[in-house]
Number of protein chains: 2
Amino acid sequence: MLEGNAVVAQSGGPTAVINQSLVGVVERWRALAKGTIFGARHGVRGMIEDKFLDLTTTPMQTLELVAGTPSAALGSSRDKPDAAYCQKIIAALKSRDIRNYFYIGGNDSSDTCRIVNELATSSGYQMRSFHVPKTVDNDLMENDHTPGYASAARYVAMAFMGDNLDNASLPGIKINVVMGRHAGFLTGAAALMRQRPDDGPHLVYLPEVAFDLDRFVSDVDAMFKKHGRCQIAVSEGIQDADGTPIAAKITAGEKDAHGNVQLSGSGALGDMLAEYIKKKLTPVGGKPPRVRADTLGYPQRCWPDASKVDQREAREAGRFAVEQAHAGIASGSIAIQRVSTKPYASKMVRVELTDVAAKTRHMPPEFIEGHRDVSTKFIEWLMPLVGEMPGVGRL
Amino acid sequence: MLEGNAVVAQSGGPTAVINQSLVGVVERWRALAKGTIFGARHGVRGMIEDKFLDLTTTPMQTLELVAGTPSAALGSSRDKPDAAYCQKIIAALKSRDIRNYFYIGGNDSSDTCRIVNELATSSGYQMRSFHVPKTVDNDLMENDHTPGYASAARYVAMAFMGDNLDNASLPGIKINVVMGRHAGFLTGAAALMRQRPDDGPHLVYLPEVAFDLDRFVSDVDAMFKKHGRCQIAVSEGIQDADGTPIAAKITAGEKDAHGNVQLSGSGALGDMLAEYIKKKLTPVGGKPPRVRADTLGYPQRCWPDASKVDQREAREAGRFAVEQAHAGIASGSIAIQRVSTKPYASKMVRVELTDVAAKTRHMPPEFIEGHRDVSTKFIEWLMPLVGEMPGVGRL
């Protein structure tokens, strides 16, 4: 039984399928409950500012169009509520008799969900609280993979696929910086479409493996000598042996020395690595090699061509959260578990909020190959998630 | 009548459809001529290094797969041949009895084609020479638009569409730097999917309009106050009133002062503009606004999801070049002319090599609106070229 009303909200960085989860929650609520379902604008901020949208009667046609649209249709938020903020949330929920709380987001959001849930419980306010997973980084515990990841991985795989052909046609050294501050799952997707021994990416650097600049130069040198070119995937979150992010080191160091502002920019890591390579690499025929860096940026998380598998699972995760509440369960985080890889099948399960909240999942060792690649096992794991990919013709 | 053999080659920055033109040349040659058709590896370089591929009997199935693959399947080149280099080209062509020269590329390539053609003529070597247009910049004279442009425009329009929704969900100031050193056609494509008055891009800066940093700050300030956010399209080729590229000014200035290398990187322009905005903009509620820059990079020219119109026209341009040679015409550059916009129709024409060679087309004044936008006329002109676009749902 679903008593009272419900709220659904979206939080953190958007993805291509976060609206699928939103629509999954709304449609299942409307099927199973009698109360009103509110959408909070911009996550918890909309709750404390009383910015709610009534989604109880929104036409299904509108919802379907929203589901297929990237980014958070309700608006998102990066607010991290403290105790006072959470009290305001509880007050807002009480004032609307909201007894069901569905929060779509990453590990910070699951922690917010946990805190709100605990506050409600301790104040004697009966409410069901569910976290619906979302993150392109794929860094949530208990999940085989998270909604949003597969679509971002699809984008990264397609970008590297096209860029590899580009690099083969005009040979040089090309660095592409990929999202993922703590986990290398998205950077690893760069290798998905590698088909021939000379296909890029020839080097893949993950946050899970300590990054060393000198070793990087000799890696590039070796690949350049072997293939006459080198395509490189670098996670924005690569760090040295002490765990200090390389990007932060660049920014901090250069800021102190020159007060130079550009270095804190989004392109700084790729540009720095490119310049370092140019200076250190053995010139070929007296000429330094052609080196260029791209930072893939926001299209990774909001490109309007999502993975079909991702769309379906994100939708199902939203539905499943409502079904759990309907079954009388008080709280939890929804997680995707893999049933089989060939043929691909997955299922939704409920885990405890505390199993996911504010924790970070990393690439398991069996997904990593040496210090500069992903494993075949990783590719096999990823392949069924991204959907159909374009073919490649060669002469 | 098509006598002797033929060569086809690809030059300059790759596009998503340059292989369509290649296959168009090959298939039409095979239908109309008896001689061998060679593909030169890496443009003119393959010719002087005797790296040719016989395409006379390549299976059509392979060619079709190649046609749908982005980037130059034969390999490309940025070599700009001098007189001695050109003599070597002529010698290579003579040695294989190549009497038909099909060169796919941009305005530099059409100039190479012109020079090779003139050298052949002056040395009494009878050869037909045709330039097949290709450039994502759309900066070739005599063309309504060039093969490669529509697919790149499709990528830019989709990237801005997704990013606009992302920016609306987490409001801030977002700068996206778009390719196009001299012409703003590709940057203008950022505005294609703007549907509502508050949709981004809110500001569009083209190389054709003098860029002023102070005016830029006040533009952003005004838009940020109006919409609570601001999405900005900036051409990599923006220049000041004296015609000096802003990117070059940043690079040069900072290099002199600090010997600082990062600033010459691909992300430098966007990062510099972002930092400038952060420093100069009025803080809102004591906090500086959230500013971030992406540089769209190579996916613009090699994203493996081309415009269908672009694919068709690029193919046809290749075919038409062979048909012109078959009709007994000695030389020329193929150009796309628009027949009508609603319904969309285009045709191929032949123009003189000297009409295109080493010249640059800019955005016409009627495509530009004020100092920071494109016109409705531009949007109407562009719309039929990009193919079907994803729908957008909103709450």
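The values are calculated or read from the model by the stated rules, or taken from the named source; none is laboratory data. What you are looking at is a predicted structure, and each value in this text was computed from that prediction instead of being measured. As a convention, Cβ positions derive from the backbone with ideal geometry for all residues, glycine included, and neighbour counts pool all protein chains shown. Heavy atoms of the whole protein, side chains included, go into the accessibility calculation; ligands, DNA and RNA do not. Shrake-Rupley method; radii C 1.70, N 1.55, O 1.52, S 1.80 Å.
When the test is whether a residue is in contact (Cβ under 8 Å) with a residue 40 or more places away in the chain and either part of a helix (DSSP H, G or I) or surrounded by 21 or more Cβ atoms within 10 Å (Cβ to Cβ) (or both), A:LYS94 does not pass it. Counting the residues of region A:220-251 that are outside any loop (DSSP other than H, G, I, E, B) and open to solvent by 20 Å² or more (accessible area, probe 1.4 Å) gives 13.
Residues that are modelled with pLDDT of 95 or more and open to solvent by 10 Å² or more (accessible area, probe 1.4 Å) are absent from region B:100-115 altogether.
Just to verify a result, which residue in region A:44-66, among those that are within 13 Å of chain B (Cβ to nearest Cβ) and within 16 Å of A:ILE104 (Cβ to Cβ), is surrounded by the fewest Cβ atoms within 10 Å (Cβ to Cβ)? Restricting to residues being within 13 Å of chain B (Cβ to nearest Cβ) and within 16 Å of A:ILE104 (Cβ to Cβ), the top hit is A:LEU53.
Which members of region A:366-387 meet the condition of being surrounded by fewer than 20 Cβ atoms within 10 Å (Cβ to Cβ), more than 15 Å from A:THR187 (Cβ to Cβ) and within 20 Å of the chain's Cα centre (by Cα)? A:GLU380, A:MET383, A:PRO384, A:GLY387, listed by residue number.
Of all residues in region B:67-91, those satisfying the criterion of being surrounded by 23 or more Cβ atoms within 10 Å (Cβ to Cβ) and among the polar types (S, T, N, Q) are B:THR69, B:SER71, B:SER76, B:SER77.
Tallying residues that are part of a helix (DSSP H, G or I) and either over 23 Å from A:MET383 (Cα atoms) or open to solvent by less than 40 Å² (accessible area, probe 1.4 Å) (or both) within region A:341-365 yields 4. Once region A:287-316 is narrowed to residues that are closer than 30 Å to A:ILE277 by Cα and part of a loop (DSSP other than H, G, I, E, B), the residue that is most open to solvent (accessible area, probe 1.4 Å) is A:ARG290. Taking the criterion of being in contact with a Ser or Thr (Cβ under 7 Å, 6 or more places away or on another chain) and of a type in the set (Val, Ile, Thr), the only residue of region A:292-331 that qualifies is A:THR295. Within region A:173-199, the only residue that satisfies the criterion of being within 18 Å of the chain's Cα centre (by Cα), within 12 Å of chain B (Cβ to nearest Cβ) and either assigned to a loop (DSSP other than H, G, I, E, B) or of a type in the set (D, E, K, R) (or both) is A:MET179. One residue stands out in region A:276-327 among those that are of a type in the set (Phe, Trp, Tyr) and more than 7 Å from every other protein chain (Cβ to nearest Cβ): the one that is farthest from A:VAL17 (Cα to Cα), namely A:TYR276. In region A:350-371, the residues that are among the hydrophobic types (A, V, I, L, M, F, W, C) form no Cβ pair under 7 Å with any partner that is assigned to a loop (DSSP other than H, G, I, E, B) and exposed (fewer than 14 other Cβ atoms within 10 Å of the Cβ), whether six or more places apart or across chains. Out of curiosity, is A:VAL136 open to solvent by 10 Å² or more (accessible area, probe 1.4 Å) and within 14 Å of another protein chain (Cβ to nearest Cβ)? The answer is yes for A:VAL136. Within region B:272-292, residues that are closer than 18 Å to B:VAL234 by Cβ sit with their Cβ atoms under 9 Å from residues that are of a type in the set (Asp, Glu), at 6+ positions apart or across chains, in these pairs: B:MET272/B:GLU254; B:ILE277/B:ASP221; B:LYS280/B:ASP214; B:LYS280/B:ASP221; B:LEU281/B:ASP221; B:VAL291/B:GLU275.
Checked across region A:259-271, the condition of being in a loop (DSSP other than H, G, I, E, B), within 25 Å of the chain's Cα centre (by Cα), modelled with pLDDT of 95 or more and small (Gly, Ala, Ser) holds for no residue.
For beta carbons closer than 8 Å, sequence separation of 6+ or different chains, a first residue in region A:5-23 that is within 16 Å of A:HIS131 (Cβ to Cβ) and open to solvent by less than 10 Å² (accessible area, probe 1.4 Å) and a second that is part of a loop (DSSP other than H, G, I, E, B) and of a type in the set (Asp, Glu), there are no qualifying pairs.
Only one entry of A:THR62, A:THR15 meets the criterion of being among the β-branched types (Val, Ile, Thr) and not in a helix (DSSP H, G or I), and that entry is A:THR15. When A:GLY24, A:GLY75 are checked against the criterion of being within 26 Å of A:ASN107 (Cα to Cα) and not in a helix (DSSP H, G or I), a single residue qualifies: A:GLY75.
So that you can scan it fast, the table gives a plain yes or no per residue for (1) over 19 Å from the mean Cα position of the chain (by Cα); (2) part of a loop (DSSP other than H, G, I, E, B); (3) among the basic types (Lys, Arg); (4) not assigned by TED's automatic domain parsing to the domain that holds A:ILE104:
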| site | (1), (2), (3), (4) |
| --- | --- |
| A:PHE130 | yes, no, no, no |
| A:THR135 | no, yes, no, no |
| A:ASN138 | no, yes, no, no |
| A:MET141 | no, yes, no, no |
| A:ALA159 | no, no, no, yes |
| A:ASP163 | yes, no, no, yes |
| A:ASP166 | yes, no, no, yes |
| A:PRO171 | yes, yes, no, yes |
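Among the residues of region A:208-236, those identified as under 17 Å from A:LEU186 (Cα atoms) and among the charged types (D, E, K, R) are A:GLU208, A:GLU236.
Scanning region A:175-192 for residues that are buried (at least 22 other Cβ atoms within 10 Å of the Cβ) and in contact with a Pro (Cβ under 9 Å, 6 or more places away or on another chain) yields A:ASN176, A:GLY180, A:ALA183, A:GLY184, A:THR187, A:ALA190, A:ALA191. The set of residues in region A:145-165 that are under 14 Å from B:GLY297 (Cβ atoms) and either surrounded by fewer than 24 Cβ atoms within 10 Å (Cβ to Cβ) or at the interface with chain B (Cβ under 8 Å from one of its Cβ atoms) (or both) comprises A:MET158, A:ALA159, A:GLY162, A:ASP163.
Of all the numbered requirements in (1) within 26 Å of the chain's Cα centre (by Cα); (2) at pLDDT below 95; (3) buried (at least 19 other Cβ atoms within 10 Å of the Cβ), B:ALA120 misses one, and that requirement is (1). State all residues of region B:317-340 that are polar (S, T, N, Q) and either over 30 Å from B:GLU208 (Cβ atoms) or surrounded by 15 or more Cβ atoms within 10 Å (Cβ to Cβ) (or both); if no residue qualifies, say none. Selection gives B:GLN324, B:SER331, B:SER333.
Residues in region B:323-381 that are of a type in the set (A, V, I, L, M) and at positive phi: B:ALA358 alone. Within region B:222-246, being closer than 29 Å to B:LEU170 by Cβ, among the aliphatic types (A, V, I, L, M) and over 19 Å from the mean Cα position of the chain (by Cα) holds for B:ALA222, B:MET223, B:ILE232, B:ILE246.
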